[in-house]
1. What tally of residues in the range 1-30 results from selecting those that are basic (K, R) and over 13 Å from Y43 (Cα atoms)?
2. Going by the conditions given, is R36 in contact with a Gly (Cβ under 7 Å, 6 or more places away or on another chain) and either surrounded by 10 or more Cβ atoms within 10 Å (Cβ to Cβ) or of a type outside the set (S, T, Y) (or both)?
3. Restricting to the range 1-37, name every residue that is over 11 Å from the mean Cα position of the chain (by Cα) and either basic (K, R) or within 26 Å of H49 (Cα to Cα) (or both).
4. Could you list all residues from the range 1-21 that are among the small types (G, A, S), surrounded by 10 or more Cβ atoms within 10 Å (Cβ to Cβ) and at pLDDT 85 or above?
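The values are calculated or read from the model by the stated rules, or taken from the named source; none is laboratory data. The structure displayed is predicted, hence computed values, not measured ones. As a convention, Cβ positions derive from the backbone with ideal geometry for all residues, glycine included, and neighbour counts pool all protein chains shown.
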Amino acid sequence: MPSQHFAVNAAWFKLALVSYNLASAIKGLCLSPDERTARFKRYRLLLIHLGGG
């Protein structure tokens, strides 16, 4: 955990949870079925390729 304080840890956990849920929703709505099963590392590469080319 990032801190000894409960409120800081709770905020960090909520931020991590929201970002994971948002990435999963985008992955589920915007990608084709064969790309949905990709890990997040490949997902980042797909987004970089989409923006760069």
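1. 1
2. Judged against the criteria, R36 is a match.
3. If the condition is that a residue be over 11 Å from the mean Cα position of the chain (by Cα) and either basic (K, R) or within 26 Å of H49 (Cα to Cα) (or both), then K14, G28, L29, C30, L31, S32, P33, D34, E35, R36, T37 are the ones that fit.
4. Of everything in the range 1-21, those that are among the small types (G, A, S), surrounded by 10 or more Cβ atoms within 10 Å (Cβ to Cβ) and at pLDDT 85 or above turn out to be A10, A11, A16, S19.
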